[in-house]
Amino acid sequence: MTVVSHFCRFVGRGFDKLARFLLWHACAVFLFVVSAARGELVDFNDGLPEGLSMGSIYDGGTDYQPVAGTIMGYGNVGLYNSGPDHTTGVSGTNHYHSYPYNGNYPQTILFDTPVAIPSLWATNYSGATSPITIRAYSSVFSAPSTQLGTFTVTPTAHGGSSNFVWTEYTGLPAAGQEIRRLEIRGNIGQYGVLDDMNAVVGATLTPASAIKVMPLGDSITHGSRNHVGYRYPLYGNLEVAGYDVDFVGSMSSLNSDLPLSPSYSNYIEQNDIFFDKDHEGHGGYRTDHILSDTSVTNSISVNQADMVFLHLGSNDLGQGTSSSSNNYAPAINNLMAIVGRLRAANPNVRIALAQIVPFNPSGSGYGRAADEIPGFNARVAALGESLSTPQSPIEVVDLYTDFDPKALTHDGIHPNVYGEQLMADRSYIAFQKLMHPGTPVVSPEVRVANQSFEHAFLSDGEIAGRAWNKGWTFDSTDSSFSGVWNPPSTNYLDAAGLGTARGADGARIGFVYNTLTVPDESQLCSIEQTLGAILMPETLYELTVAVGKPHDIVYGGYRLELFAGDRLIGFQEDAVEPDAGTFTDASFNILSDTLDPALFGESLKIRLSATSLAFETGTGFDNIRLTTAVVPEPATIWLVITSLPFIWLTIRRRPVKPTAS
């Protein structure tokens, strides 16, 4: 226990939290400095068979160019697997091996970007007794270039059969100098071997590159009937969060123009982001089609994606080739083979394996297979768990739970813009888990889909039920129902035609209405929506809804609810009452740190309902807003408040500079 922590425990538990916070940050800074000083260890271990050299790389000129983006050799040079007898003191059996022609033809390692090399290990096993020198230069090219320093590697063993004697060399180059080229010089018959090189600040040996992401699937990935697909909002999520991603695939087509319609969030305009349209989504494809299409196989092999979003199986179930009657074996086996192909192309690939979105059971065609999806998705989850490895992890993405196909698809199968956004948000969470395992994820942006019920066009006085419930789930019971309405002025002031009811937002509203006396509260209908955002710690959530009281209908009261998963975390009912014929805002807030921490990471859900059970009563809802604000811990706030007197005393005691008289 530190002195600071003892003091903080003395003055209170809140201060102890602050002490741990400050100490943690101090440790983090220290670790950052240490890691920066150590750098990226380059150990040259790439899996060469024992005794096999990578071969010579000879340029033949004086202008050296990087090979494979990182290292090149000039002269007889390559990687060599020495076997375990020559590795005492270094990691692995592969080393950087050089054999100079003579002193005028050095071997060269070039760095794409400047590096410092505080240490490296080297050995000189030679038939001669003269040393090998390793010289560092400031430029890739011979001239102009400044020599920054030299290691002299003296022979310590003679003959290839002897064990290598490795020595660590440090202090190259001087502080503030950065290396672009290493030259290994020696006479014929001398072998210089390097290993365990540290390359640090100023650059890394392998420059950072964009994360290659492949969206792989069917028409739900491609997009259908003027819908772009979930990959558009997913790309926006990743770019806005600061990830450098490169979508890859053999396809770049869209089933619409660039997604700049009012239905889509305009990432391009708002954030200066260009939508990367490359993908591997093929309309109508089953899992076996993906395996048999050579263009897909070639794309997987060539692109070697770092991350794959895999959503397949909808057509297998919809076309009846996989079902509960065969335990979904054809599709599951094909998915297993697809994972194998992805790993053959890149053994380190990370895979977001989707449990597919549901079908609308009342729809024609594929709707008959709606009941098959839960069983298939259970097999998908088991497959992902069984195939996941530390080297190539698989994250199963639940795209089924709380995905209402009536609200979130445009045809009962393919997601509409709101369904695409929910898919993208959940895929973004999976992306974080795969890229940063063990690290708390960051919630996608809080978005309320179709927040003012303006998706559908309705004429004055027209009511639309569940057919127009885009973004929202509207339920009904034997005694009540809900829907979307363009109210006339007889019900709400200023609402005539396409006018906006007073206090509302736009021409259309959501409503709930009791057609009969409701037996009990469980029979009240509601309007609800599951968001892509998740509950985060240290966050203040505020739900605000415009509540409407119609003129010629008895007002039914209101209840606003916010859930994390299936757990109610906050609500308000009948705290305000609008004037007749108008809307007024009702709101409540909840601080997440007052909740069970087990709820962090659960999806947020909004539910709107009436409170009256009476016959022919109703309530309007509009302009639903959920806002967030990060709230510091109470200990931090208390520290600021209690520090004010000390700050004031410090200012009071500050010496006053004399002025000339």
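The values are calculated or read from the model by the stated rules, or taken from the named source; none is laboratory data. Only a predicted model underlies this, so the values are computations on that prediction, with no experimental measurement involved. Virtual Cβ from ideal backbone geometry, glycine too; neighbours counted across all protein chains shown. To get the accessible areas, we keep the full protein, side chains included, count just its heavy atoms, and leave off ligands, DNA and RNA. Shrake-Rupley method; radii C 1.70, N 1.55, O 1.52, S 1.80 Å.
Are any residues in region 358-388 outside any helix (DSSP H, G or I) and either touching a helix residue (DSSP H, G or I) at 6+ places or on another chain (Cβ under 9 Å) or open to solvent by less than 40 Å² (accessible area, probe 1.4 Å) (or both), and if so, which ones? Spell out the reasoning first.
Residues of region 358-388 that are outside any helix (DSSP H, G or I), as a first pass: 358-364, 388.
PRO358, PHE359, ASN360, PRO361, SER362, GLY363 - these are the residues of region 358-388 that are outside any helix (DSSP H, G or I) and either touching a helix residue (DSSP H, G or I) at 6+ places or on another chain (Cβ under 9 Å) or open to solvent by less than 40 Å² (accessible area, probe 1.4 Å) (or both).
Among the residues that make up region 523-545, is at least one of them within 15 Å of TYR492 (Cβ to Cβ) and acidic (Asp, Glu)?
no
Output the residues belonging to region 541-564 that are at pLDDT below 95 and not acidic (Asp, Glu).
Result: HIS551, ILE553.
Out of THR439, THR401, THR409, which single residue is over 30 Å from PRO347 (Cα atoms), at pLDDT below 95 and either of a type in the set (S, T, N, Q) or surrounded by 22 or more Cβ atoms within 10 Å (Cβ to Cβ) (or both)?
On the way: THR439 fails: over 30 Å from PRO347 (Cα atoms); THR401 fails: at pLDDT below 95.
Going through THR439, THR401, THR409 in turn, the sole match is THR409.
Do you know which residues across region 370-417 are among the charged types (D, E, K, R) and within 23 Å of GLN319 (Cα to Cα)?
The answer is ASP371, GLU372, ARG379, ASP398, ASP404, LYS406, ASP411.
So how many residues does region 445-481 have that are open to solvent by less than 20 Å² (accessible area, probe 1.4 Å), farther than 14 Å from TYR513 by Cα and at pLDDT below 90?
Number of matching residues: 3.
Does ALA586 satisfy the condition of being among the aliphatic types (A, V, I, L, M), open to solvent by less than 10 Å² (accessible area, probe 1.4 Å), assigned to a strand (DSSP E or B) and more than 30 Å from MET423 (Cβ to Cβ)?
Spelling it out, ALA586 is indeed among the aliphatic types (A, V, I, L, M), open to solvent by less than 10 Å² (accessible area, probe 1.4 Å), assigned to a strand (DSSP E or B) and more than 30 Å from MET423 (Cβ to Cβ).
Output the residue which, of all residues in region 316-328 that are touching a residue at least 24 places away in the same chain (Cβ under 8 Å) and among the hydroxyl-bearing types (Ser, Thr, Tyr), is farthest from ALA378 (Cα to Cα).
Step by step, filter region 316-328, then rank; the result is THR321.
With respect to the numbered conditions (1) at pLDDT 95 or above; (2) out of contact with any Lys or Arg (no Cβ under 6 Å at 6 or more places or on another chain); (3) in a helix (DSSP H, G or I); (4) not acidic (Asp, Glu), which one is the sole condition not fulfilled by VAL302?
Condition (1) is where VAL302 drops out.
So, ALA331, is that one of a type outside the set (Lys, Arg), under 14 Å from ALA381 (Cα atoms), open to solvent by less than 30 Å² (accessible area, probe 1.4 Å) and not in a helix (DSSP H, G or I) or not?
So ALA331 fails the test.
Within region 277-298, is there a residue that is surrounded by 23 or more Cβ atoms within 10 Å (Cβ to Cβ), under 21 Å from PHE431 (Cβ atoms), among the aliphatic types (A, V, I, L, M) and at pLDDT 95 or above?
No, region 277-298 contains no residue that is surrounded by 23 or more Cβ atoms within 10 Å (Cβ to Cβ), under 21 Å from PHE431 (Cβ atoms), among the aliphatic types (A, V, I, L, M) and at pLDDT 95 or above.
Anything in region 412-436 that is surrounded by fewer than 23 Cβ atoms within 10 Å (Cβ to Cβ) and of a type in the set (S, T, N, Q)? List them, or say none.
Residues satisfying the conditions are ASN416, GLN432.
Determine which single condition VAL397 fails, assuming it passes every other condition in (1) over 19 Å from the mean Cα position of the chain (by Cα); (2) within 30 Å of VAL302 (Cβ to Cβ).
The single condition VAL397 does not satisfy is (1).
Looking at region 307-322 only, could you name the residues that are over 18 Å from HIS222 (Cβ atoms) and either under 23 Å from the mean Cα position of the chain (by Cα) or surrounded by fewer than 19 Cβ atoms within 10 Å (Cβ to Cβ) (or both)?
Across region 307-322, the qualifying residues are MET307, GLY320, THR321.
For region 497-522, which residues satisfy the criterion of being polar (S, T, N, Q) and closer than 15 Å to TYR558 by Cα?
ASN514, SER522
Can you run down the residue pairs with Cβ atoms below 7 Å, 6 or more apart or on separate chains, where the first is in region 209-229 and free of Cβ contacts under 8 Å to residues at least 24 places away in the same chain and the partner is open to solvent by less than 10 Å² (accessible area, probe 1.4 Å)?
No pair meets every condition.
Residue check, VAL484 against (1) open to solvent by less than 10 Å² (accessible area, probe 1.4 Å); (2) under 29 Å from TYR428 (Cα atoms); (3) free of Cβ contacts under 8 Å to residues at least 40 places away in the same chain; (4) of a type outside the set (Phe, Trp, Tyr), all met but one. Which one?
VAL484 satisfies all of (1) open to solvent by less than 10 Å² (accessible area, probe 1.4 Å); (2) under 29 Å from TYR428 (Cα atoms); (3) free of Cβ contacts under 8 Å to residues at least 40 places away in the same chain; (4) of a type outside the set (Phe, Trp, Tyr) except (2).
Hey, does region 203-215 have a residue that's surrounded by 14 or more Cβ atoms within 10 Å (Cβ to Cβ), modelled with pLDDT under 75 and in contact with a Pro (Cβ under 7 Å, 6 or more places away or on another chain)?
Yes: region 203-215 contains one or more residues that are surrounded by 14 or more Cβ atoms within 10 Å (Cβ to Cβ), modelled with pLDDT under 75 and in contact with a Pro (Cβ under 7 Å, 6 or more places away or on another chain).
Kindly indicate whether any position in region 379-387 is farther than 20 Å from ALA329 by Cα, out of contact with any His (no Cβ under 9 Å at 6 or more places or on another chain) and not aromatic (Phe, Trp, Tyr).
Among the residues of region 379-387, not one is farther than 20 Å from ALA329 by Cα, out of contact with any His (no Cβ under 9 Å at 6 or more places or on another chain) and not aromatic (Phe, Trp, Tyr), which makes the answer no.
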